[in-house]
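Novice: Here it is, the structure, as structure tokens.
Derivation of every value follows stated rules applied to the coordinates shown; laboratory data play no part. Only a predicted model underlies this, so the values are computations on that prediction, with no experimental measurement involved. Here the Cβ positions follow ideal geometry from the backbone for every residue, glycine too, while neighbour counts run over all protein chains shown.
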Amino acid sequence: MPFRTIIEPFRIHSTQAITHTAPAAREAALARSGYNLFGLHGDEVLIDLLTDSGTGAMSSRQWAAMMDGDESYAGSRSFYRFEDVVKDLTAFREVIPTHQGRAAERILFTVMMRQGQVVPNNTHFDTTRANVEHTGAEARDLLIPEGRVPALRHPFKGNMDVAALEATIQEVGRERVPLVMVTVTNNSGGGQPVSLENLKAVRAVCDRYGIPLFLDACRFAENAYFIKLREAGCSAKTPKQIAQELFALADGCTMSAKKDGLANIGGFLAMNDPKIAAECRNLLILTEGFPTYGGLAGYDLEAVATGLEEVLEEDYLKYRLRSTAYLAEKAEQGGVPVVQPPGGHAVYLDAKALLPHIPPAQYPAQSLAIELYRVGGVRGVEIGSVMFGKRQADGTETPAPMELVRLAVPRRTYTQSHIDYVGEVVAEVAKRREALRGYRMVEQAPWLRHFTARFEPVSL
Ligand SMILES: Cc1ncc(COP(=O)(O)O)c(C=O)c1O
């Protein structure tokens, strides 16, 4: 085709108004929320890039399928359709619906983990880490070293360090490793993909020691498309074939359908082992619901089933990855370094590089996220020492390895002009970089502190 522009592969069928707020109103909102952007009301935000989780637009086909949802408490037709779609994609024999990804994590980890065990992952997402630690096990991140250098380009920066995995198993002993997890794509490490080759190598280590391998599969379709674009021998395969190859390498997965399920709520746990699945279902009934709905309405199961089919359409994935890369280009043109290459669902601004005058203990990425909101009503999220730093008994903090602000792009929601606007806001903040100040955390919860912590600006 003679045309270079990659267009949105949809037209807009229904709209939702967004409104500009006044600078004074944004300042008041920041003060009220303790400078924590999770405390803002949705209507106080103009462009909301807080998360790509559950924030996307559903298609007319998804809404139509929802109208046909079967709300039977047990044996809903919508469940069987959902189960068929998940089995066709993953080939896992046991499919357990959950209301979202962390419910799948909590159930699986409660069944499989014990105090004192060690769980390797390329990088645990925050809820995954918290759910591992809640069982008394240790969450260990074993990302390849390239994945920790924001400016370094590597096609598969989400890969697991296979030598480190083997060394960890030998160090702690096979019996203390209940499972290995690989997160596709690696959200906390920049939305970076994992290659098939790497997953095969991880699988080989797991096989050698007899350890089950689970995928945190939230963004399996974006990961599959990166493989198609970047991995030798994969360009002729469809995204679905590649996704099926990924799942075939694992013994099970946790999934938040709020990402590549293209739904506003939903998730699942899937696996091959019927004994573990039976224990998981027992826990599911305790807190989520009967195994044919798992905390979801029948119509949610329909939305997820249709979403899992649509997400593998090639035009969609091509547009999805290109529109995220476009935002990364805008940010860099505006003078803010980003994690390279751009991830699938989000652009990660490198606050450490932009704000070297703010020490990690004063949360440079939190400062940058606050300023993007203050200047232009754009909401991102800190992925740095607020989220992953640890307060020690003496009151000092162990900082996170990177200080990033994630601008996550909701699926099928914002147009190119919204992203152009965000680029202008980023550039304006970059101009003011020297005036930005750090923050002090004045309140924090014992886990997942970033959701509710309160801050005060550090005075000059
Ligand atoms: C990699 C990863 N794992 C797990 C989760 C948890 O999913 P949920 O928010 O549906 O509980 C997320 C959510 O952002 C994620 O990005």
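Novice: Restricting everything to alpha-carbon atoms, can you work out Rg to Rh for the range 46-170 with a Kirkwood hydrodynamic radius?
Specialist: Value, to two decimals: 1.05.
Novice: What's the Kirkwood radius of the range 301-411 in Å, using all Cα pairs?
Specialist: Its Kirkwood hydrodynamic radius stands at 15.5 Å.
Novice: Quickly rank 170-181, 217-228 as a protection proxy: mean count of other C-beta atoms within 10 Å, highest first.
Specialist: 217-228, 170-181
Novice: How much of the DSSP bridge set in the chain is antiparallel, in percent, rounded to the nearest 5?
Specialist: Taking every DSSP beta bridge with both residues in the chain, the antiparallel ones total about 70 percent.
Novice: Between H13 and E133, how many nm apart are label points set 7 Å from Cα along the C-beta direction?
Specialist: With each label point 7 Å from Cα toward Cβ, the separation is 4.3 nm.
Novice: Could you tell me which residue out of A151, L404, T15 lies farthest along the dipole of the chain toward its positive end? Charges go on the beta carbon: Lys and Arg +1, Asp and Glu -1, centred on the Cα centre.
Specialist: A151
Novice: Follow-up. Which whole-angstrom value gives the distance between the alpha carbon centres of the range 144-161 and the range 43-79?
Specialist: 33
Novice: Let me ask you something else. Could you give the length gained by full extension between S72 and T21, i.e. 0.36 nm per residue of separation minus their alpha carbon distance, to one decimal place?
Specialist: Value of the extension gain: 13.9 nm.
Novice: Tell me the mean residue ellipticity at 222 nm calculated for the chain from its helices only (DSSP H runs of n ≥ 4, each -39500 (n - 2.57), averaged over every residue, nearest 500).
Specialist: Counting only the DSSP helices, I get -12000 deg cm²/dmol.
Novice: Just need the relative contact order of the chain here, percent rounded to a whole number, with Cα pairs under 8 Å and 6+ apart.
Specialist: 23
Novice: Per-residue counts of other Cβ atoms within 10 Å, averaged by peptide: what ranking do you get for 250-259, 52-61, 15-24, 360-369, highest first?
Specialist: Working: 250-259: 27.6, 52-61: 18.3, 15-24: 9.3, 360-369: 26.1.
Ranking, from highest mean packing down: 250-259, 360-369, 52-61, 15-24.
Novice: Taking amide hydrogens as modeled 1.01 Å from N in the peptide plane, which residues meet the under 5 Å criterion relative to I383, leaving out close sequence neighbours?
Specialist: L404, V405, R406
Novice: Using the Karplus curve 6.51 cos²θ - 1.76 cosθ + 1.60 with θ = phi - 60°, what ³J(HN,Hα) values do you get for each residue of the range 301-316, in whole Hz, with x for Gly and Pro?
Specialist: So the J values, rounded to whole Hz, are 4, 5, 4, 5, 4, 5, x, 5, 6, 5, 5, 8, 5, 5, 4, 5.
Novice: Let me ask you something else. Tell me the relative contact order for the range 1-65 as a rounded percent, counting alpha carbon contacts under 8 Å between residues six or more apart.
Specialist: Computed value for the range 1-65: 30 percent relative contact order.
Novice: Here is a further query. What is the Cα radius of gyration of the chain over 2.2 N^0.38 Å, N being its residue count? Spell out each step's value before the answer.
Specialist: Values: Rg = 21.4 Å, N = 460, 2.2 N^0.38 = 22.6 Å.
Scaled against compact globular proteins, the figure is 0.95.
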